[in-house]
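Beneath this line is the structure, given in structure tokens, with notes to follow.
Read-outs: derived from the displayed coordinates by stated rules, not from any lab. What you see is a predicted model; the values in this text were computed from it and never measured. Here Cβ is always computed from backbone atoms with ideal geometry, including for glycine, and neighbour counts include all displayed protein chains.
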């Protein structure tokens, strides 16, 4: 006999175990130290920035736009698998409890993230507002209710297949979330909040009435679940091999100009392979761009000279460390073993590509410091970055890849 409670328990426990296994690799000793340093540095400068804010600073508007994003993004974690659209569709009417539990666990996880975001933003609000921190738990409770509403509406939207419905729903809900959050933090009259509560109820009811006789779009639910897991697998793959990860390749024709400079000599075979892989496969290029942009912004706003040097080295280390899986990206492809090229050329090619990437990042960080007019520290960032990149590639990465 089919037991939806047992099915949900098995799926959720299996997924949490899988997360736990990969998180142990992600949160290894090196990364934890780096993240703690970055969080501590960000917290210090955030507190310094807050101390300069005047009481006229529009904290409520900024908070509304930021929290509105976290409220609007409300996916329901269903733990569905590809085979479910064959075996579970006939049992859809008996899965209400299953999906209700999925909604509750989604509320718990996303509510925790909402708690962290609110905790980060509250010092700014308390500094410019007379309310201080005394309204923290009231705000949290109300926002959790709004988060539950967003999850419920988002679930109803999954009865549609039209992309335009999803797009308009995201736009409307974000607008509603921003306005409601602004009124909440502005200590608006309770009447306005009640009016908005009525609007929220009407919005959900309108979708409920239209979809109560419709069936779930299982292919879309499963595709979204697979997409979420693929994002997590890509992150975990930066630290360890993930057998379940499906390779994603993007053409990115506009990057061909950088490939054309690579010679067609036989000993340059792996140069071409690693360069193509970095630019097209998985998310190596995206990771490099994200870390470079975040590092550049951090350097721009940090005024402490030696801190800029340390921060630039930390981001170079993070980039280099998370690009090491590029070495094993093609390890399961037999045709690579047919290359009539010595293994020493493979290592030389990988080191050359990685070194070039880190040198480019060091140069970008140097230009950011130079823009601020700090000539001495910009030179220090450049020299230390180049030296660190050289040692990372030729010493650290070599030992790690052979381990």
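Structure above, values below:
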| quantity | calculated |
| --- | --- |
| Folded to 0 to 90 degrees: helix 218-237 orientation relative to the chain principal axis, Cα | 40 degrees |
| Value of relative contact order over the chain, rounded to a whole percent, pairs C-alpha under 8 Å and six or more apart | 16 percent |
| The chain: calculated mean residue ellipticity at 222 nm from DSSP helix runs of at least 4, using -39500 (n - 2.57) | -24500 deg cm²/dmol |
| P(r), alpha carbons of segment 4-231 - 10 Å bins starting at zero, rounded % | 7, 26, 30, 24, 12, 2, 0 |
| Nearest-ten-degree value, helix 59-72 long axis tilted from longest Cα axis of the chain | 90 degrees |
| Sequence ranges 356-366, 77-87, ranked by mean other-Cβ count within 10 angstrom, highest first | 356-366, 77-87 |
| At 1.002 mPa s and 20 °C, Stokes D of segment 1-66 from Kirkwood alpha-carbon radius, µm² per second | 130 µm²/s |
| Over the chain: Kirkwood hydrodynamic radius from C-alpha pairwise inverse distances, Å | 24.8 Å |
| Hull volume in cubic angstrom per residue (convex hull over the Cα atoms of segment 6-108) | 140 Å³ |
